Amino acid sequence: MTQHISSRQITVGTAATPIGEGFVSGSTFHLYASAGGNATIYVGSSDVTVANGYILHKGLPIVISVPERVQLYAIASNAGETISVLQIGGI
């Protein structure tokens, strides 16, 4: 199986924002929010909210495994927050 690595910066607001979709055979997402932002960022499915999302603590990277064709989303308590994304998986 061929492996693929993709990196990007995603600006997140107060509506669920797509971060990425799992590649063939799934993907591992490495997510990082800079400690400089003012809002709290949460990740989850398309219905993620600030009440039900998994918190992405500023300055502490997290790793999430996502199955093939499953989309990962983020939302922030204020608009204009940035997440660094490194996605690794099969293509």
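Structure values in brief
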quantity: Potential lengthening between residue 54 and residue 2 on full extension [0.36 nm per residue; Cα-Cα distance subtracted]; calculated: 15.7 nm
quantity: Under the Karplus curve 6.51 cos²θ - 1.76 cosθ + 1.60, θ = phi - 60°, whole-Hz ³J(HN,Hα) for the range 5-18, x wherever Gly or Pro sits; calculated: 10, 9, 10, 6, 10, 10, 8, 10, x, 8, 10, 4, 10, x
quantity: Amide proton proximity set for residue 19, modelled H, under 5 Å, gap of 5+; calculated: 72, 73, 74
quantity: Order of exposure, largest accessible area first, which applies to 86, 60 with probe 1.4 Å; calculated: 60, 86
quantity: The chain: relative contact order in percent, alpha carbon pairs under 8 Å with at least 6 residues between; calculated: 51 percent
quantity: Placed amide H near residue 81: partners under 5 Å, 5+ positions off or other chain; calculated: 12
quantity: Global geometry of the range 31-79, whether rounded, prolate or oblate, following the gyration tensor of its Cα atoms and the 1.5 cut on a/c; calculated: oblate
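The values are calculated or read from the model by the stated rules, or taken from the named source; none is laboratory data. These figures come from a predicted structure and were not determined experimentally. In case anyone asks, the SASA skips ligands and DNA or RNA and just uses the protein heavy atoms, side chains included. Shrake-Rupley method; radii C 1.70, N 1.55, O 1.52, S 1.80 Å.
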